[in-house]
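Below you'll find the structure, written out as structure tokens, and then a few comments.
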Amino acid sequence: MIPVAKIEGIIRQCDNRKDPVHDTGHLKRVARGAAWFVKMSGCDKEEQQVAYAAGLLHDFVRPKSEIIDHAASSAAAARKILKRLHVKKDIIEDIAAAISDHREKTKWNSVVHQSVYFADKVFELLGAIVLFRGCTWVGECRHVQKYTVLDSVSSWFSRRLKHYMPSEFPKQFRGLVKSQRTWPTFFVNAVKSDEKWAMYLAAAGFRNGAIDKLSLDKFIHQFKPITKQDAIVRDEAIAYISGKKWDEWTKFVRF
């Protein structure tokens, strides 16, 4: 048995680092996504719980620099936390493996092993929420702030979209991945075309990452659309945050 409630309490300290993109909200969303992926793959409740715990701890250590391997650091921290909570050693290692390998695709040993990677990429780096997360993250990154906001945002999204292709994921989930990719693809094309709504959202997200530091949930809920298009994007992101997308996404899964 994994003391999930205690882990949820421990990760609250992640909000103290003023990182809107990797706050407690992100950790819990990835945890829910990882558990959903495992469930949709036909695994039992115990495996779903393991995936959920891994999601909660996957970004527990999150330096500002990508030079430091936060996945390895988070896995090491998870081992210490879980040992202190008297979790069985084999379960600890399953959780640590899912955390340590969530940055890049690798040879997956199990569904649980792949679960955090899947949830982190498909639900947080694709979909409507990434329009807000991505722009906020670009604002957080000091090394890109010497460029214009739009150039920085456009570059980040263009690079990300070279990854996370449907073919990289299990066959039954490829329709979902394809659907999730439509949101950032549409957005980056709109930014490159200087569409008003996209430039507005990019600037708002950049400011949140660089200055305001609102939690992503709060930023999205307080975002005031100026066109029908950014209203649609905001509403879609809120639907995901509030847990209203799972039934719809289940329909994309092909067994």
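In the set (1) part of a helix (DSSP H, G or I); (2) in the same structural domain as Ile11 (by TED's automatic domain parsing); (3) crowded, with 21+ Cβ neighbours inside 10 Å; (4) touching a Lys or Arg at 6+ places or on another chain (Cβ under 9 Å), Gln114 fails one condition alone, (2). Is there a residue in segment 73-87 that is modelled with pLDDT of 95 or more, more than 17 Å from Leu125 (Cα to Cα), of a type in the set (Val, Ile, Thr) and out of contact with any Phe, Trp or Tyr (no Cβ under 9 Å at 6 or more places or on another chain)? Checked against the condition, which is being modelled with pLDDT of 95 or more, more than 17 Å from Leu125 (Cα to Cα), of a type in the set (Val, Ile, Thr) and out of contact with any Phe, Trp or Tyr (no Cβ under 9 Å at 6 or more places or on another chain), segment 73-87 yields at least one hit. Kindly indicate whether Val177 is within 18 Å of Asn208 (Cβ to Cβ) and assigned by TED's automatic domain parsing to the domain that holds Val233. Taking the combined requirement at face value, the residue does not satisfy it.
Inside segment 3-51, can you point out the residues that are of a type in the set (Ser, Thr, Tyr) and assigned to a helix (DSSP H, G or I)?
Within segment 3-51, Thr24 is the sole residue that qualifies.
Close contacts from segment 28-45, counting a first residue that is without any contact (Cβ under 8 Å) to a residue 12 or more places away in the chain and a second that is in a helix (DSSP H, G or I), with Cβ to Cβ under 7 Å and a gap of 6+ residues or different chains, come to Lys39/Gln48.
Let's see how each residue does on (1) within 21 Å of Gly25 (Cβ to Cβ); (2) crowded, with 20+ Cβ neighbours inside 10 Å; (3) in contact with a strand residue (DSSP E or B) (Cβ under 6 Å, 6 or more places away or on another chain):
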{"residue": "Arg174", "(1), (2), (3)": "no, no, no"}
{"residue": "Val188", "(1), (2), (3)": "no, yes, no"}
{"residue": "Lys196", "(1), (2), (3)": "no, no, no"}
{"residue": "Asp230", "(1), (2), (3)": "yes, yes, no"}
{"residue": "Ala239", "(1), (2), (3)": "yes, no, no"}
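Among residues of segment 91-111 being among the β-branched types (Val, Ile, Thr) and free of Cβ contacts under 8 Å to residues at least 24 places away in the same chain, the one that is surrounded by the fewest Cβ atoms within 10 Å (Cβ to Cβ) is Thr106.
The values are calculated or read from the model by the stated rules, or taken from the named source; none is laboratory data. Bear in mind that the values here come from a model prediction, so they are computed numbers and not experimental data. In this analysis, Cβ positions are derived from the backbone assuming ideal geometry, glycine residues included, and neighbour counts consider all displayed protein chains.
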